[in-house]
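Read-outs: derived from the displayed coordinates by stated rules, not from any lab. Note that the structure is predicted; figures quoted are calculated from it, not measured. So basically every Cβ, Gly included, is an ideal-geometry build from the backbone, and we count neighbours across all protein chains shown.
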Amino acid sequence: MAITQAVCTSFKQELLVGTHNFTVTSGDTFKIALYTSSASLDATATAYSSTNEVSNSGTYTATGGTLVSVTPTTSGTTAICDFADISFTSATITARGALIFNSSDSNKAIAVLDFGGDKTSTSGTFTIQFPAADASNAILRLA
């Protein structure tokens, strides 16, 4: 089993047919679920699955947490979309990666995040810190 960071292939096609709406005030709801090292996630993921998701702990529950979208914009010739950092408190979690998905549209997969190793919180705060919202670093970039 492995987790490989990628923008999901199905998401790329769904963008072209207008499936996902990232508008902050009236757009879709995006979530992030955390997974153990036993998960198998990569660009072929098409939807959220509870298989090998971390257990409920503290404020983390099945299907993870709701992401706050940062207004899509451009930086030079690159379109970017990002999310605000998210934290789960009072949680004992060991996660190897995550899946961002659209809970407004059949839990369709957006992107797989690989943490590069197990990340742990013990009765504390587990935080996912997204990169800077710019053309080189934003979590979603169309160049």
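Tell me, how many Å apart are the Cα centres for the range 1-38 and for the range 47-95? Each part reduced to its Cα centre gives a spacing of 10 Å. Here the chain is treated with +1 on each Lys and Arg Cβ and -1 on each Asp and Glu Cβ, and its dipole about the Cα centre works out to around 60 debye.
Footprinting exposure proxy ranking of Thr36, Thr71, fewest other C-beta atoms within 10 angstrom first, gives Thr71, Thr36. Taking every alpha-carbon pair under 8 Å whose residues sit at least 6 apart, the range 6-142 reaches a relative contact order of 29 percent.
Electrostatic tally near Ile32: other residues with Cβ closer than 13 Å to its Cβ, Lys and Arg +1, Asp and Glu -1, net -2. Residues Val54, Val24 in ascending order of nearby Cβ atoms (within 10 Å, fewest first): Val24, Val54. Shown for Ser136, Ser104, Ser69: other C-beta atoms within 10 Å of each C-beta, ranked fewest to most, produce the order Ser136, Ser104, Ser69.
When shorter helices are ignored and each DSSP H run of at least 4 residues is given -39500 (n - 2.57), the per-residue value for the chain at 222 nm works out to -1500 deg cm²/dmol.
Given the Cα-Cα distance of Ser106 and Thr122 and 0.36 nm per residue of separation, how much length would full extension add, in nm? Provide the component values of the computation, followed by the final result.
Working: separation 16, 0.36 × 16 = 5.76 nm, distance 3.22 nm.
Using 0.36 nm per residue and subtracting the Cα-Cα distance, I get 2.5 nm.
When you restrict to C-alpha pairs under 8 Å that are six or more residues apart and normalise by the size of the range 1-75, the relative contact order lands at 40 percent. If you plug the beta carbon distance of Asp85 and Thr44 into 1/(1 + (r/R0)^6) with R0 = 35 Å, you get a FRET efficiency near 0.80.
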